[in-house]
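Q: Sharing a structure with you now.
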Amino acid sequence: MTQYGGLSQSEATARLHSDGFNEVKEPTVSFIQGVLARLWEPSAWILEAALVVEIVLGKGIQAGFIVLMLLFAAVNGAIQSTRARAVLRNLSHELTPLAAVKRSDKWVTKPAKELVVGDLISLRQGDIIPADARLLDSAIQVNESSITGEAASVHRQVNQTVYAGTEVLTGHTLAVVTAIGADSRSGKTITLLNQSAAPGHLQQLLGRIINDLAILDSVLAIILIVAALIRGENLISMFPFLAMLFIATIPIAMPSSFAVANSVEAKVLSRDHVLVSDLSGIQEAANLDVLLVDKTGTITENKPVVVTFTNLSDLPDETVRAYSAFACDQQHPSVIDQAILTFTSNNHVEATRGNFTPFTAETGYASATITIAERLLKVRLGSLKMLQSRDPESPKLPHLALDAGRSVAISINEHLVGVYILEDTIRADSRQAIEAIKNRGVQLVMLTGDNVKTAQTIALKAGLTGQIVAFSQLPATFSLQNLAGIAEVKPEDKLAIVQRLQASGHIVGMTGDGVNDAPAIKQAEVGIAVENAVDLAKRAAKMILLEPGLTSIIEILDSGHRVYQRMMTWTITKLSRTAELTIILTLGYLLNHFLPLSLNAMILVAILNDLVTLVLGTDRTSISHHPENWHLGKLGFISGTLALGWTLVGMIILTLLTNLHVAQGQISTIIFTYLILSAMLTILITRTNRSFWRSKPSRAVMTAITINIVLTITLSRLGWGIVAIRATTISAILAITLVTGVLLTRMRRLLYYCFPNRIKK
């Protein structure tokens, strides 16, 4: 490449002070704006409609309760969103893209935000262009879909401008920065965080659950209306209750619970050197059952060393090795370049390097022209097969252990003159990490471009037992049974592998580091960019590892299981208590000709229950070491069992109170107290497979449950908003609830042993 000068460090510093950083500041959302936004969404609309009904009917107290519910949900949601944005903002600062820039006649690596107009930068395949820049010495292929919306690649010639945020697909060039930050065409600095809004499996399932609950409420509402019409009762008086019936189903706490659970684990992972760019990746990790691992840099060190060198020419070994160094990329040395440069560091010849063309997958080699004593030599370094094919008089190769590692050949003036054999070393932590991942029920499959024999050697050293199969030998649908790795994998094959596994029902994790890994990383449920990944791979990933190796993936799996357990508790509690409330209300009205829960009591049930579920995201959990599955059958079985037990006892209480001619106001308070206490015990029962009295919740959960119980007892005893009842009555309800909770715990454990598949699957 032609030599160009860049800015001096003092010039760059002066321009940085005058022009500012190469970034576009994100628009800020105030806390008030966050609150107002949550007052204008579907879940809030139902509450607001109920509020209008209460105001029209002149029920001030009930209207006040609904206002409190609205404000509580909106304020809490805004708080959690603010916290989540702060976490992701802090994480994004740690992922500032880097750029190769020439300062004071030296190539250095700088954060892209420190680039200034006039900087000389180096661009190569896989880079995200950090600023608008004019090409100087070579044409490149660019993906400009980020600014044009068109997926087709664009060919940019010398003196043409390339734009910030676009991707270099092929080529290697120098460029001078022409615009930064807000002055760039894209108007923004590249971000490496891919914050996908696509819901994960958990959110999708909960969405279906909510729809089913809404259908249930609609059916029950129709039953109540028909019954009221048959009995000739006032339908207007039913409207507030029907509105509250639907309100009880709205998952007011769901967004906040998700935000809390995921942000808690995102902070934990950041301490474990994992950056989370898409929070859905955490919860998907609990379901992960197959992990596709790129061999290089993950299982191995990605620091190959030359183990043998074979000279095929009459030249001295030192001379051939010295020529090899000229064909290495010295601006952006790859791991292969670095290995050969290290191996040849003691070999020197007096020569001048002219034009240099870096390695590309299309050519299969790097090339350079060198001048020695007025003699011009063309040196190529790259694929043995490719350079052999270009040599019309290719020498007969001696017996080389080509299967033992990676072969790199060197040719001079199209004549093959030498072959290097490089081997990569297994990371010290690979065997232990692989064993730990396998013990969590996740099948680890190694992907490599190496031949089958080389892949078998690596797999054996890493502790991967099973078959190594060439990608070309894989059928359209294949089994993972006894599969340790897939060899001879081209980068573009990885996406097909991920898609085939997903089509077979697997939840797939994928690690990678290269440009061509990005589609597979993006497609996988848990896409992971490894430590030395290019910008595009990081941009596609949901997780970015800050340390090499597989150990951090264990932490990702454990975080996923913690989120799963917390959300499982939330879901089962929501299902069981909603079924309990709606069935008791409906049966109570049909059998006893009155609604057994006053409007005020119903509002209190909705508020107090959500107070606890909000903190479930911080609960202490026990991790199961096997992939989890979100199935409606499993959830329905567990929650249905609990709801049936609680509802049966609740109907017995209601029937006894009715037969004893207890006043309706007192019945309402008794049922309210029972519903709250049973909901608190449901949380304690579902959060563990052990007896609830043997598993200690987190301090936040225990505090919320205690406050809830105290508030319930206080309201019931003093009659604030509801009819007061005696302390002895409250004690009796508490005793009945505890006994029922113990019986349900025993019954759940019995069902676990009698029907384990119904619970596990």
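Q: Can you pull out the residues in segment 204-240 that are at pLDDT below 70 and buried (at least 17 other Cβ atoms within 10 Å of the Cβ)?
A: Within segment 204-240, L205, L206, I210, P240 meet the criteria.
Q: Yes or no: segment 577-594 includes at least one residue that is surrounded by fewer than 22 Cβ atoms within 10 Å (Cβ to Cβ) and either assigned by TED's automatic domain parsing to the domain that holds Q473 or assigned to a loop (DSSP other than H, G, I, E, B) (or both).
A: Yes, segment 577-594 contains at least one residue that is surrounded by fewer than 22 Cβ atoms within 10 Å (Cβ to Cβ) and either assigned by TED's automatic domain parsing to the domain that holds Q473 or assigned to a loop (DSSP other than H, G, I, E, B) (or both).
Q: Taking the condition surrounded by fewer than 18 Cβ atoms within 10 Å (Cβ to Cβ), of a type in the set (G, A, S) and either in contact (Cβ under 8 Å) with a residue 60 or more places away in the chain or touching a helix residue (DSSP H, G or I) at 6+ places or on another chain (Cβ under 9 Å) (or both), does G441 pass?
A: Here the answer is yes, as G441 does meet what is asked.
Q: For segment 524-543, which residues satisfy the criterion of being touching a residue at least 24 places away in the same chain (Cβ under 8 Å), of a type in the set (A, V, I, L, M, F, W, C) and closer than 16 Å to T296 by Cα?
A: Result: I528, V530, V534, A537.
Q: For segment 472-479, indicate whether the set of residues that are free of Cβ contacts under 8 Å to residues at least 60 places away in the same chain and either touching a Pro at 6+ places or on another chain (Cβ under 7 Å) or buried (at least 18 other Cβ atoms within 10 Å of the Cβ) (or both) is non-empty.
A: no
Q: Can you find even one residue in segment 273-295 that is hydroxyl-bearing (S, T, Y) and closer than 30 Å to I336 by Cα?
A: Scanning segment 273-295 turns up no residue that is hydroxyl-bearing (S, T, Y) and closer than 30 Å to I336 by Cα.
Q: While we're looking at this one, here's another question. Out of all the residues in segment 707-733, which are among the small types (G, A, S) and either more than 16 Å from Q664 (Cα to Cα) or not assigned by TED's automatic domain parsing to the domain that holds L657 (or both)?
A: Those that are among the small types (G, A, S) and either more than 16 Å from Q664 (Cα to Cα) or not assigned by TED's automatic domain parsing to the domain that holds L657 (or both): A727, S731, A732.
Q: Further, regarding this structure: Within the set of pairs 6+ apart or on separate chains, which have a first residue in segment 397-414 that is outside the structural domain of F326 (by TED's automatic domain parsing) and of a type in the set (K, R), a second that is surrounded by 15 or more Cβ atoms within 10 Å (Cβ to Cβ) and modelled with pLDDT of 75 or more, and C-beta atoms under 9 Å apart?
A: So the pair list comes out empty.
Q: When you check V293 against the structure, is it modelled with pLDDT of 85 or more, touching a helix residue (DSSP H, G or I) at 6+ places or on another chain (Cβ under 7 Å) and over 30 Å from D391 (Cβ atoms), yes or no?
A: So V293 fits the description; yes.
Q: Looking only at segment 122-137, which residues are modelled with pLDDT of 90 or more and within 32 Å of the chain's Cα centre (by Cα)?
A: Hits for segment 122-137 are S122, L123, D132.
Q: Could you tell me which of the residues S383, S394 is of a type in the set (S, T, Y), without any contact (Cβ under 8 Å) to a residue 60 or more places away in the chain and out of contact with any Leu (no Cβ under 6 Å at 6 or more places or on another chain)?
A: S383
Q: Working only within segment 601-636, note down all residues that are surrounded by fewer than 18 Cβ atoms within 10 Å (Cβ to Cβ) and closer than 17 Å to L575 by Cβ.
A: N629, H631, L632, G633, G636
Q: If I filter segment 101-123 down to residues being β-branched (V, I, T) and crowded, with 16+ Cβ neighbours inside 10 Å, which single residue comes out as nearest to D137 (Cα to Cα)?
A: Taking the candidates together, the pick is I121.
Q: Mind checking which residues of segment 367-406 are in a strand (DSSP E or B) and either of a type in the set (F, W, Y) or touching a helix residue (DSSP H, G or I) at 6+ places or on another chain (Cβ under 8 Å) (or both)?
A: Answer for segment 367-406, where residues must be in a strand (DSSP E or B) and either of a type in the set (F, W, Y) or touching a helix residue (DSSP H, G or I) at 6+ places or on another chain (Cβ under 8 Å) (or both): A368, I370, L377, V379, R380, L381, R406.
Q: Only one of these conditions is not met by F637: (1) aromatic (F, W, Y); (2) under 36 Å from the mean Cα position of the chain (by Cα); (3) not in a helix (DSSP H, G or I). Which number is it?
A: Of everything listed in (1) aromatic (F, W, Y); (2) under 36 Å from the mean Cα position of the chain (by Cα); (3) not in a helix (DSSP H, G or I), F637 misses just condition (3).
Q: Modelled with pLDDT of 90 or more and polar (S, T, N, Q): is that true of T714 in this structure?
A: Taking the combined requirement at face value, the residue satisfies it.
Q: With respect to the numbered conditions (1) touching a residue at least 40 places away in the same chain (Cβ under 8 Å); (2) at positive phi; (3) of a type outside the set (A, V, I, L, M), which one is the sole condition not fulfilled by G463?
A: For G463, the exception is condition (1).
Q: Only one of (1) over 26 Å from P491 (Cα atoms); (2) out of contact with any Asp or Glu (no Cβ under 8 Å at 6 or more places or on another chain); (3) surrounded by 14 or more Cβ atoms within 10 Å (Cβ to Cβ) is not met by K378, so which one is it?
A: Looking at each condition in turn, K378 falls short on (2).
Q: Before we move on, is T573 farther than 17 Å from L444 by Cβ and among the hydroxyl-bearing types (S, T, Y)? If you could, list the steps in order and put the result at the bottom.
A: Values: farther than 17 Å from L444 by Cβ: yes; among the hydroxyl-bearing types (S, T, Y): yes.
Yes, satisfied.
Q: Filter segment 371-422 for residues that are over 24 Å from N355 (Cα atoms) and among the acidic types (D, E) and give the result.
A: E393, D403
Q: Check whether at least one residue in segment 617-633 is over 25 Å from D558 (Cα atoms), out of contact with any Gly (no Cβ under 7 Å at 6 or more places or on another chain) and not assigned by TED's automatic domain parsing to the domain that holds K438, and report yes or no.
A: Keep residues of segment 617-633 that are over 25 Å from D558 (Cα atoms), which gives none.
Within segment 617-633, none of the residues are over 25 Å from D558 (Cα atoms), out of contact with any Gly (no Cβ under 7 Å at 6 or more places or on another chain) and not assigned by TED's automatic domain parsing to the domain that holds K438.
Q: Out of segment 355-371, which residues are modelled with pLDDT of 85 or more and exposed (fewer than 14 other Cβ atoms within 10 Å of the Cβ)?
A: N355, T371
Q: Could you tell me whether A484 is assigned to a strand (DSSP E or B), surrounded by 13 or more Cβ atoms within 10 Å (Cβ to Cβ), outside the structural domain of G405 (by TED's automatic domain parsing) and out of contact with any His (no Cβ under 8 Å at 6 or more places or on another chain)?
A: On the way: assigned to a strand (DSSP E or B): yes; surrounded by 13 or more Cβ atoms within 10 Å (Cβ to Cβ): yes; outside the structural domain of G405 (by TED's automatic domain parsing): yes; out of contact with any His (no Cβ under 8 Å at 6 or more places or on another chain): yes.
Yes; evaluated as a whole, the condition is true for this residue.
Q: Tally time: how many residues in segment 259-303 are of a type in the set (D, E) and either without any contact (Cβ under 8 Å) to a residue 12 or more places away in the chain or not in a loop (DSSP other than H, G, I, E, B) (or both)?
A: Residues flagged as of a type in the set (D, E) and either without any contact (Cβ under 8 Å) to a residue 12 or more places away in the chain or not in a loop (DSSP other than H, G, I, E, B) (or both) within segment 259-303 amount to 3.
Q: Considering every residue within segment 665-680, establish whether at least one is within 22 Å of V612 (Cα to Cα), over 33 Å from the mean Cα position of the chain (by Cα), in a loop (DSSP other than H, G, I, E, B) and of a type in the set (A, V, I, L, M).
A: Scanning segment 665-680 turns up no residue that is within 22 Å of V612 (Cα to Cα), over 33 Å from the mean Cα position of the chain (by Cα), in a loop (DSSP other than H, G, I, E, B) and of a type in the set (A, V, I, L, M).
Q: Here are some conditions: (1) at pLDDT below 75; (2) in contact with a helix residue (DSSP H, G or I) (Cβ under 6 Å, 6 or more places away or on another chain). S196 meets all but one. Which one does it not meet?
A: With respect to (1) at pLDDT below 75; (2) in contact with a helix residue (DSSP H, G or I) (Cβ under 6 Å, 6 or more places away or on another chain), S196 is out only on (2).
Q: Also, quick follow-up: Look at T737 and say whether it is in the same structural domain as T613 (by TED's automatic domain parsing), over 47 Å from the mean Cα position of the chain (by Cα) and either basic (K, R) or at pLDDT 95 or above (or both).
A: Criteria not met by T737.
The values are calculated or read from the model by the stated rules, or taken from the named source; none is laboratory data. Just so you know, these numbers come straight off a predicted model, no measurement behind them. Ideal geometry is used to build each Cβ from the backbone, glycine not excepted, and the neighbour counts take in all protein chains shown.
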